[in-house]
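Student: Let me begin by handing over the structure; questions about it come next.
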């Protein structure tokens, strides 16, 4: 079974995921906790990582079953076919969400253009290209995941990794 990306109505990601799971379809909506500020207060809220997108795992024959659910609009297409997400990419998202916001990494004198393998954190074993080296941070490109990672230098000897 493949993982596919489903486009949903705005703000319907959690509802569609719940309804699909009730139908027996494996659906995954990555959620993060963030702080939202109103004029009179701040509040922690749980929001989807990707607005209007969820992931479903299904066979080609049962792909149309997701449209039985209100709020599911269409599949995301790539080169004329429904986009397939690899299991390793879903695992990387799950690892990233479950990881602490910051942690120590060893940079060992990275230089611009270096190709490195990350040794800790949610992107452990992922290859990265060092794009930028500044006195305060490093910028890494994780080509296999299509994202940019910012490694922020702490005061002292340690380095803290932040996600961009």
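Student: Run the simple label-point estimate for residue 78 and residue 45 please: 7 Å along Cα→C-beta, distance reported in nm.
Tutor: Simple spin-label model gives 3.0 nm for this pair.
Student: Treat the count of other C-beta atoms within 10 Å as a stand-in for reagent exposure and order 98, 39 from fewest to most.
Tutor: 39, 98
Student: To continue, here is another question. Report the full-extension gain for the segment residue 9 to residue 68: residue separation times 0.36 nm, less the Cα-Cα distance, to one decimal in nm.
Tutor: 19.8 nm
Student: Under a point spin-label approximation (7 Å from Cα along Cα-to-Cβ), what is the residue 98-residue 26 distance to one decimal in nm?
Tutor: In this crude label model, residue 98 to residue 26 measures out at 1.5 nm.
Student: Normalise the Debye intensity by I(0) for the range 2-85, one equal point scatterer per Cα, no solvent, then take log10 at q = 0.12, 0.19, 0.23 Å⁻¹ and round to two decimals.
Tutor: Each listed q maps to, in turn, -0.38, -0.78, -1.05.
Student: Which FRET efficiency value, to the nearest 0.05, is calculated for residue 33 and residue 142 with the Förster distance at 25 angstrom and r the Cβ-Cβ distance?
Tutor: The value I calculate is 0.65.
Student: Based on the Cβ-Cβ distance of residue 61 and residue 91, what FRET efficiency does E = 1/(1 + (r/R0)^6) give at R0 = 25 Å, to the nearest 0.05?
Tutor: Computed FRET efficiency for residue 61 and residue 91 comes out at 0.50.
Student: How would you rank 44, 150, going from fewest to most other Cβ atoms within 10 Å of each one's own Cβ?
Tutor: Values: 44 8, 150 16.
Lowest to highest Cβ neighbour count: 44, 150.
Student: Right, something else. Mind giving me the FRET efficiency for residue 53 and residue 132? R0 is 25 Å, r the Cβ-Cβ distance, nearest 0.05 is fine.
Tutor: Efficiency for this residue pair is about 0.30.
Student: While we're here: Between residue 1 and residue 112, with labels modelled 7 Å along Cα→Cβ, what's the label distance in nm to one decimal, could you check?
Tutor: Result: 4.7 nm between the two label points.
Throughout, read-outs are computed from the coordinates displayed, never taken from laboratory work. The structure presented is a predicted model; accordingly, all values stated were derived computationally and were not measured. Please note: Cβ atoms are built from the backbone with ideal geometry, for glycine as well, and neighbour counts cover all protein chains shown.
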